[in-house]
1. Look through region 171-187, keep the residues that are under 26 Å from residue 244 (Cα atoms) and at pLDDT 85 or above, and return whichever of them is most open to solvent (accessible area, probe 1.4 Å).
2. Considering only residues that are part of a strand (DSSP E or B), surrounded by fewer than 22 Cβ atoms within 10 Å (Cβ to Cβ) and not charged (D, E, K, R), which ones fall in region 720-746?
3. What number of residues within region 489-525 satisfy the criterion of being outside any strand (DSSP E or B) and among the small types (Gly, Ala, Ser)?
4. How about region 475-499: which of its residues are touching a residue at least 60 places away in the same chain (Cβ under 8 Å) and surrounded by fewer than 17 Cβ atoms within 10 Å (Cβ to Cβ)?
5. Identify the residue in region 55-81 that is charged (D, E, K, R) and modelled with pLDDT of 65 or more and, among all such residues, is nearest to residue 363 (Cα to Cα).
6. Read through the list (1) open to solvent by 10 Å² or more (accessible area, probe 1.4 Å); (2) in contact with a helix residue (DSSP H, G or I) (Cβ under 7 Å, 6 or more places away or on another chain); (3) in a helix (DSSP H, G or I), then give the number of the only condition that residue 247 fails.
7. Going by what's in this entry, would residue 646 be described as surrounded by 24 or more Cβ atoms within 10 Å (Cβ to Cβ) and over 21 Å from residue 590 (Cβ atoms)?
8. Residues 517, 513, 471: which one is of a type outside the set (Val, Ile, Thr) and out of contact with any strand residue (DSSP E or B) (no Cβ under 8 Å at 6 or more places or on another chain)?
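The values are calculated or read from the model by the stated rules, or taken from the named source; none is laboratory data. Remember, predicted model here, so these are calculated numbers, not experimental data. Positions of Cβ are generated from backbone atoms using ideal geometry, with glycine treated the same way; all protein chains shown enter the neighbour counts. Quick note on the areas: whole protein, heavy atoms, side chains included, nothing else; ligands and nucleic acids left out. Shrake-Rupley method; radii C 1.70, N 1.55, O 1.52, S 1.80 Å.
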Amino acid sequence: MRIQVPRSALFVRFFFHPVGKIVFGFLALSLIVAISVLGYFWVQYSRLIDEKLRRGPFTETAQIFAAPEPVSVGDQLTADELISELRQRGYNESRSNRIGWYNRRADGVEIFPGVDAYPNTESGVIILRNNAVARIVSSQDNTERQTLFLEPEHITNLFDRNREKRRLVRFDDIPKVLVEAVISIEDKRFFEHAGFDPIRLIRTVWVDVTQNRRYGASTISMQLARLLWLSQDKTWQRKAAEAMITLQIEQKLTKEQIFEYYANQVDLGQRKSFAIHGFGEAAQVYFGRDIRDLRVEEAALLAALIQRPNYLNPYRHPDRASARRNIVLSLMKENGYITDLQYIEAVKTPINLAQGGEESSDAPYFVDLVHDDLQENFGDIDFQANSYRIYTTLDMKLQRDALEAVNIGLKEVDGLIGKMRRKYPQPQVALVCIDPRTAEVKALIGGRSYGASQLNRVLARRQPGSIFKPFVYASVLNSAIEGGEPLITPVTQVVDEATTFYFDDKEYAPNNFKQEFHGTVNLRQALSKSLNIPTVKFAEMVGYGKVANLAKEAGLPGVKATPALALGSYEVTPIDIAGAYTIFSNGGTWVRHNIIREIRSNSGGLIHSYKPATKEVLDPRISYMVVNLMQEVMRSGTGAGTRARGFGLPAAGKTGTSHDAWFAGFTSKLLTVVWVGFDDNQELPLEGAKAALPIWTEFMKRAHTYREYRGVHDFSPPDGVAIVDIDPATGMLATSTCPGARPEVFIAGTQPVDLCRVHGGAGRTQVAGWDAEEPETPKSAPAAPRPGRAKARGDAPQPVPQQSKTPPKPEEKKSFWGTIRSIFR
């Protein structure tokens, strides 16, 4: 009879058998080694994770902000508009928000800056009535204010050493619709599983086997492990490390933290030469809006880009992006996140990217200038690895208007060039707008497309042409103060005719525009009509060296003392021209342009504060006289097109045409320079009045609609400027019978004293700053001011000029034919 031995007994017997002991010993040793290795790597990865989380998972680069936004009593503003502005600056209704929070009331909005707010902002209540700001009450001392400054708008972050750009957002800042879009397409059960989704894993294997195609099984937690700690290599070692890190981050972080880190690190394509990381940056790049303001179809598009961001780039491949977006929307509907109606509306909505291309999301050319400034002047500070706060001078309202004006103007330029027989390359553009008193840069455009070319034309050296002429005439008029001979005033005349000039044993034979000559003209006419021959003649009279010296003092180095300087033949940059024009807008004082107001540490400590660099370059009287002449340019000269296009504010400006087209002009509020030309320096077939002036006009019309740039006033003469009614034909004091009499400006004491002998009558002089009493006039002939005359500063009574002291000659008796000739004359 066969006895059956239980299997357990066989196992025990084998266990104690010498061979069994070897086998089980090997297995035990292998298990111990495996556990040890696993434990070693578990501890190593744990330390790695802890270290990165302690330091912060992202490189904190410097943040760049625009200038604070003023809100003043009387501004047209609704509560919704104000709240939208606050949300764009990082505010919400949570009192724990570090930037700040707001509270909507029935009569207005309460504003409370947080610990990370701009140091100079204060809490207060903006009371609104009839869609306007009725009152502003400070919460600090409960007193009323005329103006309250909102938090500066965040422009962008500096790129880090890997040329990555991101805008860090918190989970609370991420709209629910974006969270739902992401988990619908990437990880449906993200908030339910512990890092791995077994259902999705089984489905992946099934699709791979039955349909022979790849189907992603990575959860958001697994993707985050790759994004922050691992490479994208598809090896079993990386897969094992990914699983281990995934388990650990699920233990160390909440689901909200995991999603927040993922939302800030996910790759969403390229922007120019930078990599876009995170939904915060992507929302600005693609839609030009804050992440909190995303709509359903926009959130779906951002979620769609996660799969293949460059392949699905909506700027280059809108059809691909739209198809993938619609897949996300269908999954959102399937998961119950949106209704059928919302789905239909979202699918029908075309992809609306930021207007003006990618430039509208920030100011890339301006940011490049900021980066260069930081490298040049603060090289000892590492802005790419520290979260400094850089507060700039940029006004984002003006920046957006500048972009829009450039787009409108270039369409007009493209249309004009397209009608020509010759084929030209695509013209480029530069626009720089500064404060006329402080020279703070308010808006800056360096080209028509930063994505196509990062060359900043604001820094490109080009011939300025006739926009340099105001510096010539400033030097010429300055001779009246220096006492040079001959005395030159706005009524000094020269002959506009073909002329050859000789300098340094060389001939120089310039020409006028369209080879037209105008005979005898005075200085005012020469500038307003931008006549070349008279300009060179005036420069020759005063000396080319004096013109070159003035240009150098105004921040335009490299201008040589030759006849060609009078016509702007020496290269300058648009931003330097803008700074140089401050000697006219600022009463003779040159101010260096500036783009950075303050630099602060992450805790708010002040590191740098801008101090204006100024220099007295020109006598205020001469500065005013040149401004008055440039007003004539816009009234009746080459800049009159600004008036025809609807810009009616008091302004002074000058057109310029060299190889390129220029326009430079200013009001009492803003100074703007526009350049249009080709990158290869070939001649643009359009003059400044047709290419640059329309852009300048469009921008300045938009810019002056804002409260802080309204209230433009006329330019006032300083003490010592005489305003005299003259007869344009003779340059002498106008009489009551002179046709076309007009006021003219002079340095007091250089104005004409003789009355017009052609028309006869009486005239009058006004001198700014004189306190002399008005001489008595005979009752039979009361002196009445002529309508439209410019008033003297302070409206002081002005003396009537005396007639020449030479006694009049006795009137000769005329013959009969002489009497007839005098009648017809």
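1. Kept after step one, since they are under 26 Å from residue 244 (Cα atoms), are these residues of region 171-187: 171, 179, 182-187.
Then drop every residue that is not at pLDDT 85 or above, which leaves 171, 179, 182-186.
Numbers: 171: 47, 179: 16, 182: 0, 183: 11, 184: 13, 185: 24, 186: 21 Å².
Checking each candidate, the answer is 171.
2. Listed by number, the list holds a single entry, 743.
3. 2
4. 481, 487, 493
5. Here is the first cut: in region 55-81, the ones charged (D, E, K, R) are 55, 60, 69, 75, 80-81.
Adding the requirement that they be modelled with pLDDT of 65 or more leaves 60, 69, 75, 80-81.
Values: 60: 20, 69: 17, 75: 26, 80: 26, 81: 23 Å.
Filtering region 55-81 for residues that are charged (D, E, K, R) and modelled with pLDDT of 65 or more, the one nearest to residue 363 (Cα to Cα) comes out as 69.
6. (2)
7. Judged against the criteria, residue 646 is not a match.
8. Working: 517 fails: out of contact with any strand residue (DSSP E or B) (no Cβ under 8 Å at 6 or more places or on another chain); 513 fails: out of contact with any strand residue (DSSP E or B) (no Cβ under 8 Å at 6 or more places or on another chain).
Exactly one of 517, 513, 471 is of a type outside the set (Val, Ile, Thr) and out of contact with any strand residue (DSSP E or B) (no Cβ under 8 Å at 6 or more places or on another chain), namely 471.
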